[in-house]
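Here is the structure we will look at, set down as structure tokens.
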Amino acid sequence: RAVITIQSGMRGHLARQDALIRMGSIVMIQSAIRRHRAVVDGFSRRGAIVSIQAWYRGELVRNEMEYLQWCAIQIQSSWRQKVARRGYGSTRAKLVVAQSLWRGH
């Protein structure tokens, strides 16, 4: 009986040691898998963030270009208006002189 009790205790001890070793192995495998998933997820999120940043920066540049184009159009319009008024003023003065000569004033 004593031998059976000792064997039973020893088998229990060995089983517990084996279970602890297996548990440690399982924890290591789980840790490696979780780390791998986190890295893959991190790369995926980083790619998404880079895409969003690229879109946003592109929007900023497009809006700036649109504003600069609008400013250029305003400057061109003002310049053409000034040139047209100058030309109209001198043409009108010449027409007034021609009419006054024709009418005899």
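The values are calculated or read from the model by the stated rules, or taken from the named source; none is laboratory data. Since this is a predicted model, take the numbers as computed values, not measurements. Quick reminder, even Gly has a Cβ in these numbers, built from the backbone with ideal geometry, and neighbours come from all protein chains shown. Keep in mind that these areas ignore ligands, DNA and RNA; they rest on the heavy atoms of the full protein, side chains included. Shrake-Rupley method; radii C 1.70, N 1.55, O 1.52, S 1.80 Å.
Is it true that some residue in the stretch 37-45 is under 15 Å from the mean Cα position of the chain (by Cα), of a type outside the set (Gly, Ala, Ser) and surrounded by 10 or more Cβ atoms within 10 Å (Cβ to Cβ)?
yes
When you look at TYR56, is it modelled with pLDDT under 90, part of a helix (DSSP H, G or I) and not hydrophobic (A, V, I, L, M, F, W, C), yes or no?
Considered against the rule, which asks whether it is modelled with pLDDT under 90, part of a helix (DSSP H, G or I) and not hydrophobic (A, V, I, L, M, F, W, C), TYR56 comes out as no.
So is GLU66 acidic (Asp, Glu), open to solvent by 90 Å² or more (accessible area, probe 1.4 Å) and assigned to a helix (DSSP H, G or I) or not?
Considered against the rule, which asks whether it is acidic (Asp, Glu), open to solvent by 90 Å² or more (accessible area, probe 1.4 Å) and assigned to a helix (DSSP H, G or I), GLU66 comes out as yes.
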